[in-house]
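Following: one structure in structure tokens, then a few remarks.
Coordinate-derived values only; no laboratory data. Everything numeric here is computed off the predicted structure, so don't read it as measured data. Here Cβ is always computed from backbone atoms with ideal geometry, including for glycine, and neighbour counts include all displayed protein chains.
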Amino acid sequence: MITNCAANEGFEISPRFRRTIEERIARLERDAESDEAKVAALVDGDHIRRQMRLVALERSEALRMRLFLDRSSTRLPRPLIAL
């Protein structure tokens with residue numbers, strides 16, 4: 001769990017890690033839309049409930065990752081030539 005002081009300070013992440021997180025967010029949101037569209041074909045109430053729970057979890061994880069990216073800054077890449 002992140003303490004209040006750590007959450008307010010922020011932190012740096014690499015551009016590659018940021019890109020990986022952004023790709024994961026896009027995949028989660030795409031999967032959530034696909035899984036929600038499948039609910040129309042389901043008949044069993046328990047199956048519908050589990051499917052909607054999956055959609056909610058995918059969306060909440062995407063939101064959690066977006067908040068993480070909002071609190072972080074991207075580290076500048078190292079220069080190729082030493083100064």
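Structure notes:
- Euclidean distance between Cα centres, the range 33-80 to the range 13-30, Å: 12
- Restricted to Cα atoms, the range 18-59 shows a radius of gyration and a Dmax of 12.0, 40 angstrom.
- Take every pair of alpha-carbon atoms less than 8 Å apart whose residues are at least six positions apart; their mean separation over the length of the chain yields a relative contact order of 50 percent.
- In whole angstrom, the chain maps to an equivalent ellipsoid with semi-axes of 37, 16, 6, each derived as √(5λ) from the alpha carbon gyration tensor and ordered largest first.
- Residues whose placed amide H lies under 5 Å from that of R75, excluding near-sequence neighbours: I13, S14
- Inter-label distance, nm, simple model (7 Å from Cα along the C-beta direction), L69/E33: 1.5
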